[in-house]
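Engineer: Got a structure for you, written out below as structure tokens; questions coming shortly.
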Amino acid sequence: MQTILAFILVFGLIVFFHELGHFIFAKRSGILVREFAIGMGPKIFGMKKGETLYTIRLLPLGGYVRMAGEEFDQIELQPGYRVGLVLNDDEKVEKIYLNQNVQNPNVLFMEVERADLNKDLWIEGYDEEERFVRFDVDRNAIIIENGEETVIAPFDRTFEAKSLWQRTLTIFAGPLFNFILAFVIFIFLGIFQGVPTNEPIISEVMDDSPAAEAGMKAGDYVKSINGHPIDKWEDLTNYVKENPGKELSMIVERGGQEAELTVVPEYVELENGEKVGQIGVIYQSPLEKNPIKAVVYGFQQTWEYTVLILQALVHLIAGHFSLDDLAGPVGIYQATGEVAKHGFFTLMYWTAALSINLGIMNLLPLPALDGGRLMFFSIEALRGKPVDRKKEGMVHFVGIVLLMILMIAVTWNDIQRLFFHQ
């Protein structure tokens, strides 16, 4: 149960923020957003507010913001359709009933001859007395089919009608909000858990180590080595690593007094064969609760995690690809369960890392991903006109198929590791 709840929290938060980015920028651009969905597949919860349907769906495989003007969103009334119309006080159509009997004296029935629900907004045809009639359609008119209501989308409220800059921002906002989420989480951790001070303070001295032989004690603050100032822990470790077997004169502060210690780092051979110095001390950075430093910490951690993930991605692209290096929903679910055992703060670090990872992956110029759509916008900017929608749609379709194949392979590999490689 703990793993399930942790996974729902982590997955829901990451996907929610990603889709929230698309949603906010779509709304700011004046795009009609039909649905804001968390998850995929069958709907298990839905709430209509304004013109947008907010849903939670069964499969934890992502989410989406369905905007007017995208694929499968065109609403057309074909000649011969029998429809019921409800007019408002301005004699404009505010409701259009399809495929159902309507018991309402205010409904006007007609057989459609022609209609434009996209640009000029009108509908014409023959009423029940075979008279030719024409009505203007209200911009906020609703089509009702089998009990389901759909708001029409005038062309100026569709995704494709917006400027290249507005469309680019709307798509880019999803990955951007993943980075913002990570940044906010790191600030939260910095405020409530504390920011590592990174000061060169010794937490523990190992027995029979060069540091112990030199008289170093827990709590010693290393001020300098061989006359070189030491400002942070990395300065200390780097200096020691680079000087194995050499005598080092350290100035340490202990109880408000300074003392000079002589330490000779011992040789230690790493797995790659490199020999470095080591003095046998353990470091646990003190934590400081400072809101200003927490903001700086948020930037630093977001940047460092981004660099680490990009380095891992370059490693994969450089020919070191393996399914074992990837994880699907099953692998993430298992890892989240393990992380959750170490407490809420650790789980938040994991959430931030996953959010950055999702942001980076979505920016890759691959079909069906946000980065793929941004790639087509770049081509449009260079050409001065959009790529043919049918051709772009075909590329994205192929990309979706390939991604699904990869997802199935990764998920199967996760299942094998989980159940057969214990």
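The values are calculated or read from the model by the stated rules, or taken from the named source; none is laboratory data. All of these numbers come straight from a predicted model, not from anything done at the bench. Reconstructed Cβ throughout: ideal geometry from the backbone, glycine too, with neighbour counts over all protein chains shown. When the accessible area is computed, the model is the full protein with side chains, heavy atoms only, and any ligands, DNA or RNA have been set aside. Shrake-Rupley method; radii C 1.70, N 1.55, O 1.52, S 1.80 Å.
Engineer: So what does residue 262 come to for accessible area, using a 1.4 Å probe and Å² rounded to 10?
Structural biologist: Residue 262 has an accessible surface of roughly 70 Å² with all protein chains in place.
Engineer: At residue 346 and residue 126, where each label point lies 7 Å from the Cα along Cα→Cβ, what is the point-to-point distance in nanometres?
Structural biologist: Those two pseudo-labels are separated by 7.6 nm.
Engineer: Follow-up question, since we're still on this one. How would you classify segment 260-323 from its alpha-carbon gyration tensor, with a ≥ b ≥ c the square roots of the eigenvalues: rounded for a/c under 1.5, else prolate if a/b is greater than b/c, otherwise oblate?
Structural biologist: Values: a/c = 3.85, a/b = 1.10, b/c = 3.48.
Oblate.
Engineer: Quick one: if the Förster radius is 60 Å, what FRET efficiency do residue 146 and residue 299 give, using the C-beta to C-beta distance and rounding to 0.05?
Structural biologist: Values: r = 51 Å, r/R0 = 0.86.
Here the calculated transfer efficiency is 0.70.
Engineer: Sticking with this structure for a sec: With each pseudo-label sitting 7 Å past Cα toward Cβ, what's the residue 16-residue 223 distance in nm, one decimal?
Structural biologist: 5.1 nm
Engineer: Based solely on its DSSP helices, what 222 nm [θ] is calculated for the chain when runs of n ≥ 4 H residues each add -39,500 (n - 2.57) and the sum is averaged over all residues, nearest 500 deg cm²/dmol?
Structural biologist: -14000 deg cm²/dmol
Engineer: What FRET efficiency comes out for residue 136 versus residue 28 if R0 is 25 angstrom and r is the Cβ-Cβ distance? Round to the nearest 0.05.
Structural biologist: Working: r = 29 Å, r/R0 = 1.14.
Computed FRET efficiency for residue 136 and residue 28 comes out at 0.30.
Engineer: I've got another one for you. To the nearest 0.05, how large is the calculated FRET efficiency for residue 111 and residue 292 if R₀ is 56 Å and r is the Cβ-Cβ distance? Intermediate results must be reported in sequence, preceding the final value.
Structural biologist: Working: r = 70 Å, r/R0 = 1.25.
My answer for the efficiency is 0.20.
Engineer: Return, ordered by residue number, the residues of segment 231-253 whose backbone nitrogen is under 20 Å from a label point located 7 Å along Cα→Cβ of residue 264.
Structural biologist: Once the point is set 7 Å along Cα→Cβ of residue 264, 239-251 turn out to lie under 20 Å by backbone N, inside segment 231-253.
Engineer: Rounded, prolate or oblate, given the Cα gyration tensor of the chain, with a/c below 1.5 counting as rounded? Intermediate values should be presented prior to the final figure.
Structural biologist: Working: a/c = 3.10, a/b = 2.89, b/c = 1.07.
Judged from the Cα gyration tensor, the chain comes out prolate (a/c at least 1.5, a/b above b/c).
Engineer: Enumerate by residue number the chymotrypsin sites (Phe, Trp or Tyr not before Pro) in segment 229-322 meeting two conditions: DSSP loop (anything except H, G, I, E, B), and at most 12 other Cβ atoms within 10 Å of the site's Cβ. Don't jump to the answer; show the numbers that get you there.
Structural biologist: Values: sites: 233, 239, 267, 283, 297, 299, 303, 305, 321; in loops: 283, 321.
For chymotrypsin sites (Phe, Trp or Tyr not before Pro) across segment 229-322 that sit outside H, G, I, E and B with at most 12 neighbouring Cβ atoms in 10 Å, the list reads 321.
Engineer: Next up: Once you've got the GNM for the chain with C-alpha springs shorter than 10 Å, pick whichever of 301, 334, 278 has the biggest mean-square fluctuation.
Structural biologist: In this elastic network of the chain, the residue with the biggest mean-square fluctuation among 301, 334, 278 is 278.
Engineer: I would also like to ask the following. For residue 94 and residue 271 in one chain, what is 0.36 nm times their gap in residues minus the Cα-Cα distance, to one decimal in nm? Walk me through the numbers on the way to the answer.
Structural biologist: On the way: separation 177, 0.36 × 177 = 63.72 nm, distance 7.35 nm.
Once the chain is fully extended between residue 94 and residue 271, it gains 56.4 nm.
Engineer: Right, next: I'd like the antiparallel share, as a percent to the nearest 5, of DSSP beta bridges with both residues in the chain. Don't skip to the end; give the middle numbers.
Structural biologist: Details: 58 of 67 bridges.
Rounded to the nearest five, the antiparallel share is 85 percent.
Engineer: Probe 1.4 Å, all protein chains in place: accessible area of residue 213 in Å², nearest 10?
Structural biologist: Residue 213 has an accessible surface of roughly 150 Å² with all protein chains in place.
Engineer: Considering only protein heavy atoms, with the full assembly of protein chains and a 1.4 angstrom probe, order 191, 251 by accessible area, largest first.
Structural biologist: Values: 191 65, 251 40 Å².
Final ranking, largest accessible area leading: 191, 251.
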